[in-house]
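**Q** This is the structure I want to talk about, given as C-alpha cells.
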Amino acid sequence: MASGAAPSSFRLNSVDRQGRQIDPAVHAAAETVFPRALEYGTNLLGDTAVVANTLEEVAATVSQLIARRDPPGEPAPIRNLPGYVFRAFVREVKRLKNKELATLDAAIAGQTLAQRLADPSRQLEMEVLVAECLALFDFVERDMCWRRLEGFTWDEIGPVHGLSGHAAEVRFRNAVRAVKEKLALSRKPLPSAGETAQNEGPKPAMGADDDKRKT
Amino acid sequence: MRGRNQQWGPMTTKEKPEFNDEFNEAEFLGFAKSYLSEAFPNPQRIGCPPDSDLQRMADQPVEARDAVVSKHLTCCSPCFNRYMEILASLKRRRAAGQ
C-alpha cells in the first residue's frame, strides 16, 4: 500500500482550500482512507499535494451534504462514511482527469490551427493530405473520420460499422497510411543546390513543368 | 514513492512528429476539423442535404443511402459544421443513456 508515501507528511486540514469546514466525523473518515486515496490519486493526478487538496475538498463537500441531509432527529444517511468519502474522492479525481484531458485536446487543436496559420508550407502539406484522404477514403473510412473528429472513441465507432474498436482503428490508420504512401510516390525530391543554380527561373512546387517537358 | 512527474509525462506530451515521419492522429484530426469547418463557405447552400438526412446518417450510416451526403460534407463547411453538431448531440445522448 502507500506505507512509503508517508501520509503523515500530508495531514489533512480541517478546512479545505475554499475555507469550508470539514465535519470532524468526515475528517476522521477522510484520514482513514487517506493512504488509499493518496496511492490512487497520485497515479492519476501525479502530485500528492493536489491529492490532499482534492480529498479535503471532497470531505468538505460531504460535510455540507451531511449537514443538509442530516438535520437533528433524522438518522445518519451514510452508513459507511469512509467508503462514501473514498468513492466521492474517486469520482472527483476522474472528473479532474477528464477535464485535464479535454483541456489538453483543446490545446492541441488550437496549437494545430495556430501552426497551420503560421507555417504556409505545412498548411499546404496538411491540406493536401486531408483533401486526398477525404477523396480516397471509402464510405466507411470517411464516416470513421467524421466521428473521430467529434471525439468518438474507437470502441464507439467500431460497432457502427460492425467492427471491433481495434479493427476500426487499424482500418482507419491503414487508410491514412495508404494515402500518405500514394502522396509520397507522387512527390518528387527537391532539387539540389547545383541543379537549382542551373535553372533559369522559379518553378511550381508540384512539378507541373516536368510533366510539360516530358510531353 | 513513485515518480509522479514521470507518470504525467506520457499523458501531457502529445508531441507532434514531423508530418512525414509518423501519422499523428491528433494533429491530423485537429487540422482537418479546423480546415473543413471554414474552407468551404457555400453561402448559397448549393447541393446541401436536408437536416433529416444528416441526422439519419449520424444515427446509422448506410452507404447505399448516405454516400452522397457523406461526400458532400467534404466540400461544404456549413453542412460539415452542422453534422459535427449532430454527432456531438448524439454522443451526449449516448453518454446520458449509459
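The values are calculated or read from the model by the stated rules, or taken from the named source; none is laboratory data. In this text the structure is predicted, and so the values were computed from the model without any measurement. Every residue, glycine among them, receives a Cβ derived from its backbone with ideal geometry; neighbour counts consider all protein chains shown.
**Q** Output the qualifying pairs, or none if there are none: Cβ atoms under 6 angstrom, residues six or more apart or on different chains, first residue in segment B:84-98 and at the interface with chain A (Cβ under 7 Å from one of its Cβ atoms), second residue surrounded by 10 or more Cβ atoms within 10 Å (Cβ to Cβ).
**A** Short answer, once both residue conditions are applied: B:MET84/A:GLU150; B:LEU87/A:GLU150; B:LEU87/B:ALA58; B:ALA88/A:GLU150.
**Q** Being more than 22 Å from A:THR153 (Cα to Cα) and not aromatic (Phe, Trp, Tyr) is the requirement here; does B:ARG65 meet it?
**A** Details: more than 22 Å from A:THR153 (Cα to Cα): yes; not aromatic (Phe, Trp, Tyr): yes.
Criteria met by B:ARG65.
For every residue, the table says whether it meets (1) hydroxyl-bearing (Ser, Thr, Tyr); (2) at pLDDT below 90.
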site	(1), (2)
B:ARG2	no, yes
B:PRO17	no, yes
B:GLU25	no, yes
B:ALA39	no, yes
B:PRO43	no, yes
B:SER52	yes, no
B:GLU63	no, no
B:SER70	yes, no
B:CYS76	no, no
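**Q** Same structure again: Here are some conditions: (1) under 22 Å from B:SER34 (Cβ atoms); (2) out of contact with any Pro (no Cβ under 7 Å at 6 or more places or on another chain); (3) of a type in the set (Asp, Glu). A:ASP143 meets all but one. Which one does it not meet?
**A** (2)
**Q** So for segment B:43-50 (the condition being touching a His at 6+ places or on another chain (Cβ under 7 Å), surrounded by fewer than 16 Cβ atoms within 10 Å (Cβ to Cβ) and more than 8 Å from chain A (Cβ to nearest Cβ)), does at least one residue qualify?
**A** yes
**Q** Applying the selection to segment B:76-98, what residues are surrounded by fewer than 16 Cβ atoms within 10 Å (Cβ to Cβ) and part of a helix (DSSP H, G or I)? Working first, answer last.
**A** First, pick out the residues of segment B:76-98 that are surrounded by fewer than 16 Cβ atoms within 10 Å (Cβ to Cβ): B:78, B:81, B:85, B:88-89, B:92-98.
B:PRO78, B:ASN81, B:GLU85, B:ALA88, B:SER89, B:ARG92, B:ARG93, B:ARG94, B:ALA95, B:ALA96, B:GLY97, listed by residue number.
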